[in-house]
């Protein structure tokens, strides 16, 4: 199933990182998305450089809006 954003345009960014070693425990997830730092996330979870990335927009219009 694809993304299902609420009404409006939403940006999605997927990044694939090289894993530097075996995972120790669980991945540390950010509490909030505001001011999220990809570099900090990679450092905290022992990830290497990004090897691929995908960026796309998704839009859902309200049911009242006709094309």
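Overview of results
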{"item": "Selected residue (only one of 32, 54 is modelled with pLDDT of 85 or more and surrounded by fewer than 10 Cβ atoms within 10 Å (Cβ to Cβ))", "result": "54"}
{"item": "When residues of the range 6-22 are limited to those that are more than 14 Å from the chain's Cα centre (by Cα) and surrounded by 10 or more Cβ atoms within 10 Å (Cβ to Cβ), the one modelled with the lowest pLDDT", "result": "7"}
{"item": "Counted residues, the range 23-48 - those being within 30 Å of residue 59 (Cβ to Cβ) and over 17 Å from the mean Cα position of the chain (by Cα)", "result": "0"}
{"item": "Tally of residues being surrounded by fewer than 13 Cβ atoms within 10 Å (Cβ to Cβ) and touching a residue at least 24 places away in the same chain (Cβ under 8 Å) across the range 35-49", "result": "2"}
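The values are calculated or read from the model by the stated rules, or taken from the named source; none is laboratory data. Remember, predicted model here, so these are calculated numbers, not experimental data. Positions of Cβ are backbone-derived with ideal geometry, glycine not excepted, and every protein chain shown enters the neighbour counts.
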